[in-house]
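The block underneath contains the structure these notes are about, expressed in structure tokens.
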Amino acid sequence: MPNGERNDHEQQTSGAAPLASSPASEVVSQTQASALVIRAVLDTSALVPPHLRRELQVAAQAGLFVGYWSPWIIAELNRVLTWRWIERTTPPDLTRANERRCSVAAHTMMELLLTTFQLVETLPPYPPAWEALTDRWDHPVWAAAKVSQAQYVVSENTHDFPPQEADGHYRHEGIEYLSGEAFMRLVAGTDLE
């Protein structure tokens, strides 16, 4: 039987109604699905500690959330981790061999993370943030949250969180800032609030 006839025959004999989809039903189901998906921008400070970076990577790969980062976050992560690599020996090891080891480690990490987190492009001028955000280098992270329509920003940089609301959460325009530990509890379903 040709495929089209086989599908018709299987639907008739199984009692199942033919699947019909309309653009409206697809939009509704996509909207419902995206409302259920946790979307979070991962600040550099959440990706620097190796244990937290690994936990976020594993959780995203398991489908517990969709992680976003931007060229700004990637560049800052590369800068911080490279500097830490250089500093970890005393005196700093500036040999070509150590540079190669650093390069291999950086490329390996990027291969893993680029296939895990989604890239969002943000360019100045950035959307306005809360008045107390005086660290201009955190504005690109806020912009990534706005552009990606994230519900969360995961950051260890707690002194630059939005002002705390009456319920104890740090939110601005509906986007909540959480520490890595709090976010991991949230995606694991163990957040008690």
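Would you say LEU36 is under 25 Å from VAL147 (Cβ atoms) and at pLDDT 90 or above?
No: the conditions fail for LEU36.
Would you mind listing the helices (runs of 4 or more DSSP H) fully within segment 44-152 where at least 1 residues are among the acidic types (Asp, Glu) and out of contact with any His (no Cβ under 6 Å at 6 or more places or on another chain)?
Numbers: elements: 44-47, 50-61, 71-87, 96-114, 139-148.
Result: 50-61, 71-87, 96-114.
Residues in segment 67-83 that are touching a residue at least 24 places away in the same chain (Cβ under 8 Å), of a type outside the set (Ser, Thr, Tyr) and over 16 Å from LEU112 (Cβ atoms): how many?
Here the count works out to 4.
Say we look at segment 110-127 and pick out the residues that are touching a residue at least 40 places away in the same chain (Cβ under 8 Å) and not β-branched (Val, Ile, Thr); which of these is surrounded by the most Cβ atoms within 10 Å (Cβ to Cβ)? Show your work before the answer.
Here is the first cut: in segment 110-127, the residues touching a residue at least 40 places away in the same chain (Cβ under 8 Å) are 112-113, 116-122.
Now narrow it down to the ones that are not β-branched (Val, Ile, Thr): 112-113, 117-119, 121.
Working: LEU112: 14, LEU113: 19, PHE117: 23, GLN118: 12, LEU119: 13, GLU121: 11.
If we take residues in segment 110-127 being touching a residue at least 40 places away in the same chain (Cβ under 8 Å) and not β-branched (Val, Ile, Thr), then PHE117 is surrounded by the most Cβ atoms within 10 Å (Cβ to Cβ).
Kindly indicate whether any position in segment 154-169 is in contact (Cβ under 8 Å) with a residue 12 or more places away in the chain, of a type in the set (Ser, Thr, Tyr) and not in a strand (DSSP E or B).
Yes, there is a match, as at least one residue in segment 154-169 is in contact (Cβ under 8 Å) with a residue 12 or more places away in the chain, of a type in the set (Ser, Thr, Tyr) and not in a strand (DSSP E or B).
Looking at segment 170-184, which of its residues are in a loop (DSSP other than H, G, I, E, B) and of a type outside the set (Gly, Ala, Ser)?
Once the filter is applied, which keeps residues that are in a loop (DSSP other than H, G, I, E, B) and of a type outside the set (Gly, Ala, Ser), segment 170-184 yields only GLU173.
Please work out which residue is modelled with the highest pLDDT, limiting yourself to segment 128-171 and to residues that are of a type in the set (Asp, Glu) and crowded, with 19+ Cβ neighbours inside 10 Å.
Residue satisfying both the conditions and the ranking: ASP160.
Has segment 102-114 got at least one residue that is more than 28 Å from ALA60 (Cα to Cα) and out of contact with any strand residue (DSSP E or B) (no Cβ under 9 Å at 6 or more places or on another chain)? Working first, answer last.
Just the residues of segment 102-114 that are more than 28 Å from ALA60 (Cα to Cα), to begin with: none.
No; the residues of segment 102-114 include none that is more than 28 Å from ALA60 (Cα to Cα) and out of contact with any strand residue (DSSP E or B) (no Cβ under 9 Å at 6 or more places or on another chain).
Looking at segment 54-64, which of the residues that are in contact (Cβ under 8 Å) with a residue 12 or more places away in the chain and within 17 Å of GLU111 (Cβ to Cβ) is surrounded by the fewest Cβ atoms within 10 Å (Cβ to Cβ)? Spell out how you get there, then give the answer.
Residues of segment 54-64 that are in contact (Cβ under 8 Å) with a residue 12 or more places away in the chain, as a first pass: 55-57, 59-61, 64.
Next, only the ones that are within 17 Å of GLU111 (Cβ to Cβ) stay: 56-57, 60-61.
Values: LEU56: 26, GLN57: 19, ALA60: 22, GLN61: 13.
That would be GLN61.
Which residues, counting only those in segment 65-95, are of a type in the set (Gly, Ala, Ser) and exposed (fewer than 15 other Cβ atoms within 10 Å of the Cβ)?
ALA75
Given the criterion more than 11 Å from TYR68 (Cα to Cα) and either in contact with a helix residue (DSSP H, G or I) (Cβ under 6 Å, 6 or more places away or on another chain) or not aliphatic (A, V, I, L, M) (or both), identify the matching residue among GLU99, GLU121.
Every option except GLU99 fails the conditions.
The values are calculated or read from the model by the stated rules, or taken from the named source; none is laboratory data. From a predicted model like this one, the values you see are computed outputs, not experimental measurements. Note that each Cβ is placed from the backbone with ideal geometry, even for glycine, and that neighbours are counted across all protein chains shown.
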